[in-house]
1. Roughly speaking, to the nearest percent, how much of chain B's 1.4 Å accessible area is carbon and sulfur?
2. Would you jot down the residues in the range A:33-52 that end up with at least 20 Å² less accessible area in the complete protein assembly than in the chain alone, with a 1.4 Å probe?
3. Just need the Rg to Rh number for the range A:1-92, please, alpha carbons only, Kirkwood Rh.
4. Ignoring any ligand, DNA or RNA, what whole percent of the accessible area of chain A comes from carbon and sulfur when the probe is 1.4 angstrom?
5. How about the range B:35-57: which of its residues lose at least 50 Å² of accessible area in the presence of all protein chains relative to their chain isolated, using a 1.4 Å probe?
6. Give me the accessible area buried between chains B and A, both sides summed, with a 1.4 Å probe, in Å² rounded to the nearest 100.
7. Calculate, for the range B:1-80, the solvent-accessible area per residue in square angstrom, rolling a 1.4 angstrom probe over the heavy atoms of the protein chains.
8. What does the average come to when, for each residue of peptide A:90-102, you count the partner chain Cβ atoms lying within 10 Å of its Cβ?
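The values are calculated or read from the model by the stated rules, or taken from the named source; none is laboratory data. All values derive from a computational prediction rather than experimental measurement. Here the Cβ positions follow ideal geometry from the backbone for every residue, glycine too, while neighbour counts run over all protein chains shown. Ligands, DNA and RNA are excluded from the accessible area calculation, which covers all protein heavy atoms including side chains. Shrake-Rupley method; radii C 1.70, N 1.55, O 1.52, S 1.80 Å.
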Amino acid sequence: EAQVTQNPRYLITVTGKKLTVTCSQNMNHEYMSWYRQDPGLGLRQIYYSMNVEVTDKGDVPEGYKVSRKEKRNFPLILESPSPNQTSLYFCASSGEGRQEQFFGPGTRLTVL
Amino acid sequence: QKEVEQDPGPLSVPEGAIVSLNCTYSNSAFQYFMWYRQYSRKGPELLMYTYSSGNKEDGRFTAQVDKSSKYISLFIRDSQPSDSATYLCAMPRDNYGQNFVFGPGTRLSVLP
């Protein structure tokens, strides 16, 4: 089944404790993105990647890191999480030349 | 002025009604326009996309773009309770189409 998977689905952590949210797609897509979704603000792009080792900042990259060492994986790293990073996070992927993004199921992160 | 604006709703309609969902945008350079549907506790899924002014129809759904007014609409005919979801408009900012901006979404409830 073609899909985007994210882990963990739910995470509660404390301020300053480094964490990684993994994202993997099995569709051989070139493009991948991370978004956060907050009430009233909608989906905002954090980072996106056009291919392996190629990443670029979205609208809200502060406090986040990403890496794209393999085509299928695009982890999101929070080196020192803060409460304002409490949010619902989505990973998405799309194929070359395609506008359609396939989204993962989301990761709900709470930073205390 | 925000790049993309949407009435957040909630919008409640009876089953069978025609629903009109709208977005306005400020950047006249936007070329592609997408509508995503997001069910509660799920990731968004693409409903329709278009890159020209005018109408595009797919079953009960019609996407309409008016570039001169910077206004896009999604019409749902014969609405069903299963259409109850949040509807997000989205546009890529650049020609590569991977730096996306989303509207905040309109929550729709179709009552049986």
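1. 46 percent
2. A:Y35, A:Q37, A:G40, A:G42, A:L43, A:Q45, A:Y48, A:M50
3. On the way: Rg = 12.7 Å, Rh = 13.4 Å.
In the range A:1-92, Rg relative to Rh is 0.95.
4. Roughly 50 percent, rounded to a whole number.
5. B:P44
6. Numbers: alone 6400 and 6210 Å², together 10860 Å².
Counting protein atoms only, the buried area is about 1800 Å².
7. On a per-residue basis, 55 Å².
8. Mean partner shielding for this stretch: 4.
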